[in-house]
Amino acid sequence: MTTGARHWRPHLAAERKVTHLVDARTLLDPRVLLVTGKGGVGKSTAAAALAIASVRTGRRTCLVEVEGRQTMRALFNTEPWDFDEREVRQDLFGLSIDPEASLAEYLAMFYGARRLSRLVVNSTAVEFATTAAPGIKDVLLIGKVKEMERRRDPDGRFVYDMIVVDAPPTGRILNFLRAPEATTELVRVGPIREQAQSLIDLLLDPNRLRLQLVTLLEEMPVAETAESAQALTELGVQLNPIIANRVLRPQADAATMKVLADGIAADTLQTVLAGSGFDDPASAHALRHLGEQHLRRLGLQDEMRAALHEGVDVPVFELPYLATRSFAENEVSLLADVISAAVS
Amino acid sequence: MSDANGGGAVVSGLVQARSRSLDDVVARRHVIVCTGAGGVGKTTTAAALAIEAARRGRRTIVLTIDPARRLAQSLGLSRLDTAPRPVPGVDGLDAMMLDMKRTFDEIVERHATSPDRVQRILDNRFYQQLSASLAGTQEYMAMEKLYDLDQTGRYDCIVIDTPPTRNALDFLDAPKRLTDFLEGRFLKMFLSPGIAAGRFATRAVGVGTGLFMRAASRVTGAVVLDDLAEFFQSFEGMYEGFKQRAQAVYHLLQRPDSAFVVVSSPEPPSLREASYFLRRLARDGMPTAGVVVNRVTVAPGGHVGAAPTAELMEAAAALNPDDDIERATAVLLELAIEARAIVGRQQQAIEAAFHGLTPPRLVEVPLAGGDVHDVDGLRWIADHLTGATAA
């Protein structure tokens, strides 16, 4: 069991010569996508959009929530998600993984003894999993994802073509991914050790699983994304192209943007506006400010795009900022359009 | 419909909340806890409040868990630490970036009953995993550090931001979870004499325990249980202290001179979390000072900000596309229409989130040009938080 077993070791990752993907067409290639990003970058929205794009391109898909926040329930406007996989849209299944339910399932599977698993789950084991050994929770979560990835229907086909996981944020993702390895360090023999090792195998297999980083083209998210990308690569997991979310597009064609960049004199602007019924100086001032702000944001975004390309050796796939979005699912659907177009 | 500030009884609680700033909070409260979802600017808000408290002559410390690098640099923090450091250029302000593992080690060193025990704990494999991992430990360490800082009596004002856990509520739950655990069956099982003798399958430990232990050792191997038993046993004599300090912090947080500041972005997911947290604070009888919504889009001024949107659209359409200046002006009008749509959406989301909750204060900090990471930027935010910018 130990010979040939793979471990999280930087030198191994280097040996494997992690090759980076160049093309957005490969976005939906792996069977499991763990979507992560700094808080507030729209990680859950991106995960939902990837799942819908996956369905639209003919894949039977499961979207998995692991932190019990019920974000997807709000996005899809459904009943609360729980441990039952439910079809929330045609060919799209939703599941909220609960570590305690995973533990019960695992023990029931392993022992076939309901009496024991109920006893254990109801009391001490849960206390253990949640208090004494926090990593166990993560092992159980990844374990459930692996079970779904391996599951086959009666005629031998995989039940899911794609599993999109709204994974923990970048601040926690390393510990999340290291949990199986930490378990193998504590537990040297027995079924838990074997289970943990099989999870490490899943995490390190680029054909089965990849990490999907989501960022904004802003300073702090870009810095955190660059750090995470490096740490994840050192860990040996394969990265998908990074998704840059809410990317602002220039409001007009290049010629008009140049006019704005050159600046319109205050009195000129006021004269033009006077013809439109906005002849107050405050309006002219507000519009000039909006124009400058727009240009400044685009400029800042260009800098951050350059910083991202410099900091990360992974291609970047951009999703547009939708200023006029009104309903959450509408936004997700529009973003899914962009992804579907890119992969087909 | 585009009028985002529509009146009515529903909004009046918020109107009142909006009329108050965090000015008196900064001036008088002893402990200020900034909390909220990830990525909403908790640390920046905490740092800005601390700078302002120090400016008013209060001896202040800001305790932060995981600040962005440039913000840490501007606070004079180059690495994780367990001791306060003065912030360069700000009199009366210390800052500290918590090193989880070191803090836990120090607690063990200080409270373990003998030097031999200290070493046994530090060498234990479970301890090494637990103290280095993020989940659960961070909230507890932040608690212990808050207790320490309060006990020193050196600070008039202690500002702290909650750890970036999956759930901001974990911070409040830490004392109860710890107490439950210390009083629970699980720990007792490991501390029972049968376990200490390595005979957990015998009658000495009782039927239920024996059953669990047998099952657990089949799944994990007996060595793990021995490690775990040793881990828990080596903490013996320290449990009462853990419990007492956790309770003391919980009561410190409940005091009327403490303040919880719930931080959010103007986006629905973090607003939802903020409203959930307000409810939770109320349930625990915690002193909620108010809500800070960061990076809020400001409505354009003048007639372009007030006129019906249709009027702006008509004006933009009427301009001559063949004339450079007129075409550019039409784009500016489009930007105004878009900004107003964003303002309307954000204000609706804010009102929906806090409807019926009436936080005592609601402060909006406008979207700045770029990220804030220097002392000047923090002062700019502090001015907004304390209402110093109000016309």
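The values are calculated or read from the model by the stated rules, or taken from the named source; none is laboratory data. Computed from a predicted model, the values in this text were never measured in an experiment. Glycine gets a Cβ as well: all are built from the backbone with ideal geometry, and neighbour counts include every protein chain shown.
For the list (1) assigned to a helix (DSSP H, G or I); (2) facing chain B (nearest Cβ under 8 Å); (3) in contact (Cβ under 8 Å) with a residue 24 or more places away in the chain, I need the number of the one condition that A:GLN251 fails.
Exception for A:GLN251: condition (1).
Report, ordered by the first and then the second residue, all pairs with beta carbons closer than 7 Å, sequence separation of six or more or different chains, a first member in segment A:45-56 that is closer than 18 Å to A:GLN70 by Cβ, and a second member that is at pLDDT 95 or above and of a type in the set (Ser, Thr, Tyr).
From residues that are closer than 18 Å to A:GLN70 by Cβ, the pairs are A:ALA51/A:THR61.
Go through (1) over 29 Å from A:GLN195 (Cβ atoms); (2) modelled with pLDDT under 90; (3) of a type in the set (A, V, I, L, M) one by one and return the number of the condition A:ALA5 breaks.
So the condition that A:ALA5 fails would be (1).
Could you check A:ASP280 against (1) at the interface with another protein chain (Cβ under 8 Å from one of its Cβ atoms); (2) touching a residue at least 60 places away in the same chain (Cβ under 8 Å) and say which number it fails?
The one condition A:ASP280 does not meet is (2).
Can you confirm whether A:ARG249 is out of contact with any helix residue (DSSP H, G or I) (no Cβ under 8 Å at 6 or more places or on another chain) and within 22 Å of A:VAL164 (Cβ to Cβ)?
Numbers: out of contact with any helix residue (DSSP H, G or I) (no Cβ under 8 Å at 6 or more places or on another chain): yes; within 22 Å of A:VAL164 (Cβ to Cβ): no.
The answer is no for A:ARG249.
Is it the case that some residue within segment B:352-360 is part of a helix (DSSP H, G or I) and surrounded by fewer than 19 Cβ atoms within 10 Å (Cβ to Cβ)?
Within segment B:352-360 (the criterion being part of a helix (DSSP H, G or I) and surrounded by fewer than 19 Cβ atoms within 10 Å (Cβ to Cβ)), the answer is yes, since at least one residue qualifies.
Can you confirm whether A:PHE76 is surrounded by 19 or more Cβ atoms within 10 Å (Cβ to Cβ), farther than 25 Å from A:ILE192 by Cα and either within 12 Å of chain B (Cβ to nearest Cβ) or modelled with pLDDT of 70 or more (or both)?
For A:PHE76, the condition - surrounded by 19 or more Cβ atoms within 10 Å (Cβ to Cβ), farther than 25 Å from A:ILE192 by Cα and either within 12 Å of chain B (Cβ to nearest Cβ) or modelled with pLDDT of 70 or more (or both) - is met.
From the list A:THR225, A:THR215, which one is touching a Ser or Thr at 6+ places or on another chain (Cβ under 7 Å), touching a residue at least 12 places away in the same chain (Cβ under 8 Å), more than 8 Å from every other protein chain (Cβ to nearest Cβ) and assigned to a helix (DSSP H, G or I)?
A:THR225
Kindly provide the set of residues from segment A:71-91 that are farther than 26 Å from A:VAL338 by Cβ and assigned to a loop (DSSP other than H, G, I, E, B), ordered by number. Walk me through how you get there before you give the answer.
Of the residues in segment A:71-91, the ones farther than 26 Å from A:VAL338 by Cβ are A:79-80, A:82-86.
Scanning segment A:71-91 gives A:GLU79, A:PRO80, A:ASP82, A:PHE83, A:ASP84, A:GLU85.
Scan (1) in a helix (DSSP H, G or I); (2) of a type outside the set (Val, Ile, Thr); (3) at pLDDT below 90 for the single condition A:ARG188 breaks and write down its number.
Answer for A:ARG188: the failing condition is (1).
Restricting the search to segment B:297-322, which residues are surrounded by fewer than 17 Cβ atoms within 10 Å (Cβ to Cβ) and within 20 Å of A:GLU292 (Cα to Cα)? Give the derivation first.
Going residue by residue through segment B:297-322, those that are surrounded by fewer than 17 Cβ atoms within 10 Å (Cβ to Cβ) are B:298, B:301, B:306, B:308-311, B:313-314, B:317-318, B:320-322.
Once the filter is applied, which keeps residues that are surrounded by fewer than 17 Cβ atoms within 10 Å (Cβ to Cβ) and within 20 Å of A:GLU292 (Cα to Cα), segment B:297-322 yields B:VAL298, B:GLY301.
Just checking, does segment A:233-246 include any residue being within 18 Å of B:GLY39 (Cα to Cα) and either of a type in the set (Lys, Arg) or free of Cβ contacts under 8 Å to residues at least 40 places away in the same chain (or both)?
To start, the set of residues in segment A:233-246 that are within 18 Å of B:GLY39 (Cα to Cα) comprises A:243-246.
Next cut, either of a type in the set (Lys, Arg) or free of Cβ contacts under 8 Å to residues at least 40 places away in the same chain (or both) only: A:246.
Within segment A:233-246, one or more residues are within 18 Å of B:GLY39 (Cα to Cα) and either of a type in the set (Lys, Arg) or free of Cβ contacts under 8 Å to residues at least 40 places away in the same chain (or both).
Just to be sure I understand, how many residues within segment B:89-131 are hydrophobic (A, V, I, L, M, F, W, C) and more than 14 Å from B:MET141 (Cα to Cα)?
So the answer is 8.
Kindly evaluate A:VAL314 against the criterion of being part of a loop (DSSP other than H, G, I, E, B) and surrounded by 14 or more Cβ atoms within 10 Å (Cβ to Cβ).
Criteria met by A:VAL314.
Is one or more of the residues making up segment B:25-47 at pLDDT 95 or above, in a loop (DSSP other than H, G, I, E, B) and not hydrophobic (A, V, I, L, M, F, W, C)?
Yes, segment B:25-47 contains at least one residue that is at pLDDT 95 or above, in a loop (DSSP other than H, G, I, E, B) and not hydrophobic (A, V, I, L, M, F, W, C).
Can you tell me which residues in segment A:228-246 are within 29 Å of A:VAL332 (Cα to Cα) and part of a loop (DSSP other than H, G, I, E, B)?
The answer is A:VAL237, A:GLN238, A:ASN240, A:PRO241.
Across segment A:147-180, what is the total count of residues that are among the polar types (S, T, N, Q) and either crowded, with 24+ Cβ neighbours inside 10 Å or assigned to a loop (DSSP other than H, G, I, E, B) (or both)? Quick ask: steps written out before the conclusion?
Here is the first cut: in segment A:147-180, the ones among the polar types (S, T, N, Q) are A:170, A:175.
In the following step, the residues that additionally are either crowded, with 24+ Cβ neighbours inside 10 Å or assigned to a loop (DSSP other than H, G, I, E, B) (or both) were identified as A:170.
Qualifying residue count for the region: 1.
Within segment A:36-70, can you find the residues that are in a loop (DSSP other than H, G, I, E, B) and either within 21 Å of A:GLU147 (Cα to Cα) or of a type in the set (Asp, Glu) (or both)?
To start, the set of residues in segment A:36-70 that are in a loop (DSSP other than H, G, I, E, B) comprises A:38-42, A:57-60, A:66-70.
A:ARG59, A:ARG60, A:VAL66, A:GLU67, A:GLY68 - these are the residues of segment A:36-70 that are in a loop (DSSP other than H, G, I, E, B) and either within 21 Å of A:GLU147 (Cα to Cα) or of a type in the set (Asp, Glu) (or both).
What's the total number of residues in segment A:188-205 that are facing chain B (nearest Cβ under 8 Å), among the hydrophobic types (A, V, I, L, M, F, W, C) and surrounded by fewer than 21 Cβ atoms within 10 Å (Cβ to Cβ)?
1
Every residue, every condition in (1) within 14 Å of A:ILE242 (Cα to Cα); (2) without any contact (Cβ under 8 Å) to a residue 24 or more places away in the chain; (3) out of contact with any Cys (no Cβ under 6 Å at 6 or more places or on another chain); (4) part of a helix (DSSP H, G or I), yes or no:
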{"position": "A:ALA284", "(1), (2), (3), (4)": "no, yes, yes, yes"}
{"position": "A:LEU290", "(1), (2), (3), (4)": "no, yes, yes, yes"}
{"position": "A:GLU303", "(1), (2), (3), (4)": "no, yes, yes, yes"}
{"position": "A:LEU319", "(1), (2), (3), (4)": "yes, no, yes, no"}
{"position": "A:ALA336", "(1), (2), (3), (4)": "no, no, yes, yes"}
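Given the condition on the phi < 0 side of the Ramachandran plot, crowded, with 20+ Cβ neighbours inside 10 Å and within 7 Å of another protein chain (Cβ to nearest Cβ), answer yes or no: does some residue in segment B:282-290 qualify?
Within segment B:282-290, none of the residues are on the phi < 0 side of the Ramachandran plot, crowded, with 20+ Cβ neighbours inside 10 Å and within 7 Å of another protein chain (Cβ to nearest Cβ).
Residues that are within 14 Å of another protein chain (Cβ to nearest Cβ) and modelled with pLDDT under 70: does segment B:137-147 have at least one?
Checking segment B:137-147: at least one residue is within 14 Å of another protein chain (Cβ to nearest Cβ) and modelled with pLDDT under 70.
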